[in-house]
Amino acid sequence: MSNLRVGLVPIVRPLFRGSKLGLEPTTRQALEALGPKLGFELAYVAEPVADAAQAEAAARAAQDARLDLLLVQHVTFATGDAFLPLLELPIPVGLWALPEVWDNGPLPQNAVCGLNLGVSLAPKPTKWFYGSVEDAWFQARLKLTLQALRGVKVLREGRLLWLGGHAPGFFAFGALPETGLTVEKAELAELWEALAAVSEAELETRVAEFRELSEYPLEQLRESFRLELALEQLARPYDGVALREWPEIPDRTGVMAYAAMARLADAGYTLAPEGDVMGLASQLALKAISGQPAILLDISHFSAKGIMLWHGGEAPLAWAAGPTRLVPHFNRHLPAVRDMALRAGPISGLRLLPGRKAVVHGGVLSGEKGYDGDSGYLTRPTWAAEPLTPRQFLASWLNHRIPHHLAVGMGAHEEALLEMCAWLGLEVLPARPEENRLVW
């Protein structure tokens, strides 16, 4: 995971005693030392800003530095003319006040009052920070912001391939993200060409490297390996691929795409089944925030055990609770899908929606396997970080009429997802757990 680029602009009014205490170089050095721990580099530092002209010059330089986050640091109090040009930049901005160096006698900095003024004037989402670099509260808030901004970055700058359009009749999957992502469309004809271009030498190497348990002999998996190589060649220039994997692929090749998709996920590629571009974008945000692969799942059963999440068998080994094996597809009985239980532990979920809306959710997977493919039970669900019963979660999902794929990532990251949505200006839908009456 590449480091984020962070900038620092100290705001210092000479009238205040705190302007003469050397706080700016001290905090700069501390931030530089913190960078490797939190995954950022201090890519731009301005000279102290005291007036509007200096603020405008610092804003131009900050924009040229291609920053992911700009910290505007209140070393002392300052009025809006000294920082508004920085808050108006089209990049995420944090307003940060240093603590007072003493707490009686003449007021040294009045920095937190400057912070209060700053957030009251902010023209767009702006996060406040308070404390010294060493303070646990400051570091916790900054770590959360950096996690969120990794999701923001991929949703603004990512490049996706939509291969074949959406699956037949899955009309909701025709929606495209509204966050800045580039989506390039291609017909399945490009996949057929890539399949024809796979060399026998490449294929033999892939066959020889195969080590997973399988109900099929290697000879019956050759076309799955060929499909894997073709998809890999097409996916290489992109952050992710939304693939229409049925009905054309099994009809033409005699294999399901799921084992190939699973093995490509093992290698770090992100693929979304059934041409679900919004689901793919949600996966990429979850992957960026968690640092682990994200998957798409259906709600396939509901019982006293919880909500069974399931899909056809394209999950990577990182999600496996135990041994895996390649088995026939549950419906078409063709090779092959990866059969496994989803590992126990906390999960986080995101579903991007048209109209710049989103659902943020979470919960815990029990580790118990359900249907063949990749499956597990969601227990202790949450919605926008608020706990629900499994039945309330199911009711909320259906009452909001959310498309049927849940994008799920490893770990408890709802707070980072909620902050990501705030930076992007996405409306997070509240839970809608009415269980009996019609909700529309």
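The values are calculated or read from the model by the stated rules, or taken from the named source; none is laboratory data. Quick caveat: nothing in here was measured; it's all calculated off a predicted structure. Backbone-built Cβ (ideal geometry, glycine too); neighbour counts: all protein chains shown. We work out accessible area using only protein heavy atoms, side chains counted, and drop any ligands, DNA or RNA first. Shrake-Rupley method; radii C 1.70, N 1.55, O 1.52, S 1.80 Å.
Ignoring ligands, DNA and RNA, how do Tyr377, Tyr130 rank by accessible area with a 1.4 Å probe, largest first?
Ranking Tyr377, Tyr130 by accessible area, largest first, yields Tyr130, Tyr377.
Ignoring ligands and nucleic acids, what accessible area does Tyr44 show with a 1.4 Å probe (Å², nearest 10)?
Using a 1.4 Å probe on the heavy atoms, I get roughly 40 Å².
Over region 392-440, calculate the relative contact order: mean separation of alpha carbon pairs under 8 Å at least 6 apart, over the residue count, as a percent. List each step's numbers first, then the result.
Values: 26 pairs, mean separation 34.5, N = 49.
Here the relative contact order equals 70 percent.
Between Lys143 and Ala53, what's the calculated FRET efficiency when r is the beta-carbon distance and R0 is 25 Å? Round to 0.05.
The calculated FRET efficiency here is 0.15.
Return the long-range amide H neighbours of Gly313 (sequence gap of 5 or more, or a different chain), with a cut-off of under 5 Å between placed amide H atoms.
Amide H neighbours of Gly313, under 5 Å, 5+ apart: Asp374.
Just how large is the dipole of region 41-136 about the Cα centre, in debye to the nearest 20, putting +1 at every Lys and Arg Cβ and -1 at every Asp and Glu Cβ?
280 debye
Quick one: dipole size for the chain, taken about the Cα centre, charges +1 on Lys/Arg Cβ and -1 on Asp/Glu Cβ, in debye to the nearest 20.
900 debye
Leaving ligands, DNA and RNA out of it, rank His400, His74 by accessible area with a 1.4 Å probe, largest first.
Details: His400 35, His74 0 Å².
Final ranking, largest accessible area leading: His400, His74.
Determine how large the accessible area of Arg332 is when every protein chain is in place; take a 1.4 Å probe and give Å² rounded to the nearest 10.
Surface accessible to solvent at Arg332 totals approximately 90 Å².
Taking H placed 1.01 Å from N in the peptide plane, check which residues at least 5 places from Val49 or on another chain put their amide H under 5 Å from its amide H.
Counting only residues 5 or more places away or on other chains, the set is Ile11, Val12.
Taking the convex hull of the alpha carbon atoms in the chain, what volume per residue do you get, in Å³?
That works out to 160 Å³ per residue.
First compute the accessible area of region 288-440 with a 1.4 Å probe, then give the percent of it belonging to carbon and sulfur atoms.
Numbers: 3310 of 6070 Å².
The C+S portion of the solvent-accessible surface of region 288-440 is 54 percent.
Would you mind pulling out the separation of the Cα centroids of region 348-409 and region 101-150, in Å?
Result: 34 Å between the Cα centres.
Along the positive direction of the dipole of the chain (beta-carbon charges: Lys, Arg +1; Asp, Glu -1; about the Cα centre), which of His329, Leu271, Val112 reaches farthest?
Ranked along the dipole, the leading option is Val112.
Accessible area per residue for the chain in Å², computed with a 1.4 Å probe and the full protein assembly in place, what is it?
Accessible area per residue: 42 Å².
For region 225-342, give the magnitude of the charge dipole about the Cα centre (Cβ charges: +1 Lys/Arg, -1 Asp/Glu; no others), in debye to the nearest 20.
Value, rounded to 20: 220 debye.
Give me the number: length gained by fully extending Ala201 to Glu435, i.e. 0.36 nm times residue separation minus the C-alpha to C-alpha distance, one decimal in nm.
Result: 78.5 nm gained on full extension.
Tell me what the chain gives for mean residue ellipticity at 222 nm when only DSSP H runs of n ≥ 4 count, each as -39,500 (n - 2.57), the sum divided by the residue total, rounded to 500 deg cm²/dmol.
For the chain, the value works out to -10500 deg cm²/dmol.
Suppose R0 equals 25 Å; then what is the FRET efficiency for Leu317 and Lys357 from their Cβ-Cβ distance, rounded to the nearest 0.05?
0.15
Amide H of Ala167: which non-local residues (sequence gap of 5 or more, or other chain) have their own amide H closer than 5 Å, using H built in the peptide plane?
Sorted by chain and number, the residues that satisfy this are Gly275.
Please list, in order along region 153-164, the HN-Hα scalar couplings obtained from phi with the Karplus expression 6.51 cos²θ - 1.76 cosθ + 1.60 (θ = phi - 60°), rounded to whole Hz, x for Gly and Pro.
4, 5, 6, 9, 10, x, 10, 10, 10, 9, 9, x
With a 1.4 Å probe and all protein chains left in place, how much of the accessible area of region 108-202 comes from carbon and sulfur atoms, in whole percent?
Percent of accessible area from carbon and sulfur atoms in region 108-202: 58.
Of Pro14, His74, Pro36, which is farthest on the positive side of the dipole of region 1-120, counting Cα position, with +1 on Lys and Arg Cβ, -1 on Asp and Glu Cβ, and the Cα centre as origin?
Selected residue: Pro36.
With θ set to phi - 60°, apply the Karplus curve 6.51 cos²θ - 1.76 cosθ + 1.60 along region 77-85 and write out the HN-Hα couplings as whole Hz, x wherever there is a Gly or Pro.
4, 8, 8, x, 4, 7, 9, 4, x
At 10 °C and a viscosity of 1.306 mPa s, what translational diffusion coefficient does Stokes-Einstein give for region 199-273, taking Rh as the Kirkwood radius over Cα pairs? Give it in µm²/s as a whole number.
Diffusion coefficient, whole number: 124 µm²/s.
When the accessible area of region 1-62 is split by element with a 1.4 Å probe, what percent falls to carbon and sulfur?
Working: 1680 of 3140 Å².
Roughly 54 percent, rounded to a whole number.
Keeping all protein chains in place and using 1.4 angstrom, which order do Thr145, Thr182 fall into by accessible surface area, from largest down? Before the final figure, lay out the partial values.
Values: Thr145 0, Thr182 65 Å².
Correct descending sequence by accessible area is Thr182, Thr145.
Run the count for the chain, please: Lys pairs, Cα-Cα under 25 angstrom, 8 or more apart or on different chains.
Final tally of qualifying lysine pairs is 22.
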